[in-house]
Amino acid sequence: MTKIKVVLAMKVRILTVGNKMPKWVQTGFDEYFKRIQPMLSTEIVEIAAAKRAKNPSDANLAQYREQEGQAILAAHNASGREQLWVLDVKGKMISTEGLADKLADGMQQGDDMHW
């Protein structure tokens with residue numbers, strides 16, 4: 001009896017908050033994005049950053065984070081099979097290998113992901 005390994009189609013939506021990146025960042029991203037498409041269906045969703053004051057107070061910064069967090073959740077539109085991963089400079093570090101393992105697990109389960 002032959003075993004067949006089934007890998008369900010997976011989509012990744014990258015939800016980005018902020019302004020336009022410098023050209024060198026965009027060029028690198030475009031190249032990586034092009035390379036990953038045959039293996040992983042990927043979509044970029046740009047979310048406008050909250051309008052900021054010139055000299056924001058701590059309360060203003062908290063308000064901006066709240067507004068942007070709500071915009072991320074609204075764009076996420078969670079269904080039963082979507083995972084939301086939040087990438088933050090102050091978050092838990094993960095290696096490239098660790099990220100690849102998490103993606104592989106998601107692909108095996110057929111879960112869609114939002115970053």
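Summary table
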item	result
Close pairs (8 angstrom Cβ cut-off, 6 or more residues apart or separate chains): part of a helix (DSSP H, G or I) in the range 56-73, among the charged types (D, E, K, R) anywhere	Asn60/Arg52; Tyr64/Arg52
Residue ID - modelled with the highest pLDDT, chosen from residues in the range 74-114 that are assigned to a helix (DSSP H, G or I), acidic (Asp, Glu) and surrounded by 10 or more Cβ atoms within 10 Å (Cβ to Cβ)	Asp101
Residue tally, condition among the charged types (D, E, K, R) and in contact with a helix residue (DSSP H, G or I) (Cβ under 9 Å, 6 or more places away or on another chain), over the range 12-45	2
The range 53-66, subset more than 23 Å from the chain's Cα centre (by Cα) and not aliphatic (A, V, I, L, M), residue nearest to Asn19 (Cα to Cα)	Lys54
Members of the range 15-36 that are surrounded by fewer than 10 Cβ atoms within 10 Å (Cβ to Cβ) and either modelled with pLDDT under 80 or outside any helix (DSSP H, G or I) (or both)	Asn19, Lys20, Pro22
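The values are calculated or read from the model by the stated rules, or taken from the named source; none is laboratory data. Computed from a predicted model, the values in this text were never measured in an experiment. Quick reminder, even Gly has a Cβ in these numbers, built from the backbone with ideal geometry, and neighbours come from all protein chains shown.
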